[in-house]
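Every number in this text was worked out from the coordinates using simple rules, so none of it is lab data. All figures in this text were calculated on a predicted structure; none of them were measured in a lab. Please note: Cβ atoms are built from the backbone with ideal geometry, for glycine as well, and neighbour counts cover all protein chains shown.
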Amino acid sequence: MPQTESPSNIIDIRSDTVTRPSSVMRQAMADAVVGDDVYGDDPTVIKLQEIAAEMLGKEAALFVPSGTQSNLCALLSHCGRGDEYIVGQWAHTYRYEGGGAAVLGSIQPQPLDFLPDGTLDLDQVIDCVKPDDPHFAKTRLLCLENTQMGKALPLDYLAQARAAADEQQLRLHLDGARIFNASVKLGVDVTEISRHFDSVSVCLSKGLGAPVGSVLCGSADLIGAARRWRKMLGGAMRQSGIVAAAGIVAISGRGEHLHKDHENAQRLAQSLNEFDQFDIDLSVVQTNMIFGRLRTVSVPTVVQRMKDQGVLISGFGDTLRLVTHCDFGAEDVATVTAAFERAFSG
Ligand SMILES: *Cc1c(COP(=O)(O)O)cnc(C)c1O
């Protein structure tokens, strides 16, 4: 029998990337009609790209192996050698993608601190747009992230960011790895977010639950350029309809099940915040992510004690990260809380 769920007794909330494909997804993968996507004739990939473009309200979309490659294809398509992009100091594209834009694109990043709500201060953005002068890199692109550490950016902020970008003649890219979590949180169609951006990268492999893949959405021209970069980066695959089929199942759900993940995160955060050892800012638990500082116990100790009880969590510095997802059930809230109680009592 194929394994369709997490190994029993293990609760893995390190990330929402850990979900196992559902039996519906596996069936769709088994049944997928495929071609050779490098020749552009894999019907399942084409269908996924059409669905994604339509849902995000863009002309075209490109299926890529990862969110990292999706963001990189976007940056390489928007910017050339010697151009600059403005980005958050802790943004995934800047911090967690190996410096790909600089290494492979000779694109200079201009990082700025995020404000507590996950936005970038637009006055600061405007201030660091460089004049047209040989001393400076050419500022071309503003890159935002949504959700940013689980926070959904306010819709009116997105409109202001678009206006600022237009005024400064910048393009606007969204690392929308978790854009569906943001749309569910805000109670709006995902196009209310995507419409402000020239390009949007969406992870199928996070909360949406697909095993692999991301889609980059944008104008036909931009996606044409991105397709060329994808080939160069080694991301053009062959019978990739097999994995795209799971992506279709994932994205077609429109992230509706994410409500449940957000509710579970809320309940878990509230119950963990009762512990003296935990310091959780509940106002930033907006979607499926919980960040909690530990007051008295060390992070590695707690991570290990939780692991010994079959609960996998992430920790860095003095902070724990817990992420709910479709393989985490409402009943797991109590199990995880009880495991923390034991971890804290040594
Ligand atoms: C996960 C993630 C990515 C990259 O996705 P991978 O598929 O892991 O390469 C990009 N941006 C954000 C905000 C992410 O959380």
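Put a dot 7 Å past the Cα of Asn273, heading toward its Cβ, do the same for Leu155, and the two dots end up 2.5 nm apart. Evaluating 6.51 cos²θ - 1.76 cosθ + 1.60 at θ = phi - 60° for every residue in the stretch 119-129, the Karplus couplings come out as 8, 9, 5, 6, 5, 5, 4, 4, 4, 9, 6 Hz, glycine and proline recorded as x. Under the combined filter of DSSP loop state and at most 11 neighbouring Cβ atoms within 10 Å, the stretch 221-309 retains none of its chymotrypsin sites (Phe, Trp or Tyr not before Pro).
List the lysines whose Cα lies under 18 Å from the Cα of Lys130, skipping any in the same chain that are fewer than 8 positions away. Cα-Cα hits under 18 Å: Lys138.
Legend: residue pairs Lys58/Lys231; Lys206/Lys260; Lys151/Lys260, Cα-Cα distance threshold 18 Å; pairs beyond threshold, Lys58/Lys231. The GluC sites (Glu not before Pro) of the stretch 229-301 meeting both criteria, a DSSP state outside H, G, I, E and B (loop) and at most 11 other C-beta atoms within 10 angstrom of the site's C-beta, are Glu256, Glu274. Potential lengthening of the chain between Thr319 and Asp31 amounts to 99.4 nm, from the contour at 0.36 nm per residue minus the alpha-carbon distance.
Close amide H pairs (under 5 Å, H built 1.01 Å from N) link Leu142 with Ile86, Arg171, Leu172, His173, residues at least 5 positions away or on another chain.
Restricting to DSSP loop positions (anything but H, G, I, E, B) with no more than 11 other Cβ atoms inside 10 Å of their own Cβ, which trypsin sites (Lys or Arg not before Pro) remain in the stretch 139-211?
Numbers: sites: Arg140, Lys151, Arg162, Arg171, Arg178, Lys185, Arg195, Lys206; in loops: Arg178, Arg195, Lys206.
Those that pass, being in a loop and sparsely packed, number zero.
Between the listed residues His257, Ser240, Cys217, the Cα displaced farthest toward the positive end of the dipole of the stretch 200-269, a dipole computed from Cβ unit charges relative to the Cα centre, is found at Ser240. Its Cα centre serving as origin, the chain has a Cβ charge dipole (Lys and Arg +1, Asp and Glu -1) of approximately 780 debye. Charge tally around Lys231: other residues with Cβ under 14 Å, Lys/Arg +1 each, Asp/Glu -1 each, net +2. Label-to-label distance, Tyr39 versus Asp189, with points set 7 angstrom from Cα along the beta-carbon direction: 3.7 nm. Give the separation of the Cα centroids, the stretch 259-328 to the stretch 97-173, in Å. Rounded to whole Å, the Cα centres lie 30 Å apart.
With runs of 4+ DSSP H residues as the only contributors, calculate the mean residue ellipticity of the chain at 222 nm using -39,500 (n - 2.57) per run, divided by the residue total and rounded to the nearest 500.
Computed mean residue ellipticity for the chain: -12000 deg cm²/dmol.
Relative contact order, percent, of the chain when contacts are C-alpha pairs under 8 Å separated by at least 6 residues?
Working: 700 pairs, mean separation 85.1, N = 346.
Here the relative contact order equals 25 percent.
Multiplying the residue separation of Gln309 and Asp132 by 0.36 nm and removing their Cα-Cα distance gives an extension gain of 57.9 nm.
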